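Q: The structure is given below, and queries will be raised subsequently.
The values are calculated or read from the model by the stated rules, or taken from the named source; none is laboratory data. Because the structure is predicted, anything quoted here is derived from the model rather than measured. All Cβ positions, glycine included, derive from the backbone under ideal geometry; neighbour counts span all protein chains shown.
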Amino acid sequence: MTYIIYRKDLKKIFDEPKNFLISGKDEDNAACIEALLESISEKAPDEVKFVLIDTRNTFKKYENDPHLFLPRITDAHEGVKTLELLVSEMEKHYQMLDKNHVRDIVEYNQKADPSSKMPFINIIVTNLDDIIALDDESAEISIASIAQKGKSCGIHVFVAIRNIRSGRNNLGRIRANIEATIVTPRLDDEDNFKFFKIHLDACSCLYALFESPSYLAIVQEKLGIEPLFNEMVDFLFANAHEMLMEKFNIDYHRAANALKIMKETVKNNSPFPS
């Protein structure tokens, strides 16, 4: 399913913990990460932590943030080692869950004393391209492992990548285990736009990030999508009750229920359902 999101509303999508792949130009990726960090900063430091692998040194202002689980990492080689360390941390979390006979971090924290509660940990890789450039597959394997198994123990990954053409098998494995993808469609970037078109159909949870409704309309025109599709659906279904009641000799309640289901089906199968 594809969701339309405007930059001013970015912070909303990070309210619920999940794994994210962020793909766009550097400024687009930075805007997403900034929104994520702002969302984290609104929560108590003992409840939510983050690890920041910031190889471009973009987020220096978070150097001493109380939510940091580890000191900010700016070296790609150190980033690889940190990711391996975090896989071990994930395994420790699972051991704690098993020891206390609980299924996940939520159940664990409900039973734990305040001093022994586990924080949620968000692992943020601001530029995976720098890690890939080291030609060290262990980092990608670590990210894929955390993305696949970390959710129950409260560990999530947020990976930003610029070079979406990477053919690495493990990069594909990362994408396979990440629940949500954020893409900023760029008409001036052929690879980016091709990636976006593929994910319109293939991604179970795609957030299409736009600067404004006017740019959304331009992208829809490029894709051959009717910009007023959702508004047209709303209009048709709002005026179809009497037609169904007369044609099928049913009451208003049955007609309304049928229309509700049909409307959801149509919108969920539209290119931009939300």
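Q: Please note which helices (runs of 4 or more DSSP H) are completely contained in the stretch 101-168 and include at least 2 residues that are in contact with a strand residue (DSSP E or B) (Cβ under 7 Å, 6 or more places away or on another chain).
A: 128-132, 137-149
One line per residue, one yes/no per condition, for (1) in a strand (DSSP E or B); (2) under 11 Å from the mean Cα position of the chain (by Cα):
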| site | (1), (2) |
| --- | --- |
| Ile4 | yes, no |
| Lys8 | no, no |
| Ile13 | no, yes |
| Glu16 | no, yes |
| Ala30 | no, no |
| Ala35 | no, no |
| Ser39 | no, no |
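Q: Out of Glu211, Glu179, I need the residue that is surrounded by fewer than 17 Cβ atoms within 10 Å (Cβ to Cβ), assigned by TED's automatic domain parsing to the domain that holds Leu36 and closer than 22 Å to Ile132 by Cα. Which one?
A: Glu179
Q: I need a count of the residues in the stretch 18-28 that are touching a residue at least 24 places away in the same chain (Cβ under 8 Å), part of a helix (DSSP H, G or I) and either surrounded by fewer than 16 Cβ atoms within 10 Å (Cβ to Cβ) or in contact with an Asp or Glu (Cβ under 6 Å, 6 or more places away or on another chain) (or both).
A: 1
Q: Identify, by number, the condition in (1) more than 21 Å from Leu10 (Cβ to Cβ); (2) out of contact with any Phe, Trp or Tyr (no Cβ under 9 Å at 6 or more places or on another chain); (3) modelled with pLDDT of 95 or more that Phe69 doesn't meet.
A: (2)
Q: Also, quick follow-up: Taking the residues in the stretch 55-80 that are in a helix (DSSP H, G or I) and in contact with a Ser or Thr (Cβ under 7 Å, 6 or more places away or on another chain) as candidates, determine which candidate is surrounded by the most Cβ atoms within 10 Å (Cβ to Cβ).
A: Once the filter is applied, the top-ranked residue is Gly79.
Q: Let me ask another. Is the stretch 216-233 home to any residue that is β-branched (Val, Ile, Thr), part of a helix (DSSP H, G or I) and assigned by TED's automatic domain parsing to the domain that holds Phe158?
A: Yes: the stretch 216-233 contains one or more residues that are β-branched (Val, Ile, Thr), part of a helix (DSSP H, G or I) and assigned by TED's automatic domain parsing to the domain that holds Phe158.
Q: Can you tell me which residue among Lys11, Lys49 is crowded, with 18+ Cβ neighbours inside 10 Å and among the basic types (Lys, Arg)?
A: Lys49
Q: With respect to Ile4, is the statement that it is of a type in the set (Val, Ile, Thr) and closer than 21 Å to Ser152 by Cβ true?
A: Spelling it out, it is not the case that Ile4 is of a type in the set (Val, Ile, Thr) and closer than 21 Å to Ser152 by Cβ.
Q: Right, something else. Evaluate the stretch 213-224: report whether one residue or more is among the polar types (S, T, N, Q), under 30 Å from Met262 (Cα atoms) and either modelled with pLDDT of 80 or more or in contact with a Pro (Cβ under 6 Å, 6 or more places away or on another chain) (or both).
A: For the stretch 213-224, residues among the polar types (S, T, N, Q), under 30 Å from Met262 (Cα atoms) and either modelled with pLDDT of 80 or more or in contact with a Pro (Cβ under 6 Å, 6 or more places away or on another chain) (or both): present.
Q: Can you confirm whether Leu83 is assigned by TED's automatic domain parsing to the domain that holds Asn109 and assigned to a helix (DSSP H, G or I)?
A: Here the answer is yes, as Leu83 does meet what is asked.
Q: Checking the conditions here, which among Pro66, Pro119 is closer than 16 Å to Leu37 by Cβ and touching a residue at least 40 places away in the same chain (Cβ under 8 Å)?
A: After ruling out the rest, the residue left standing is Pro119.
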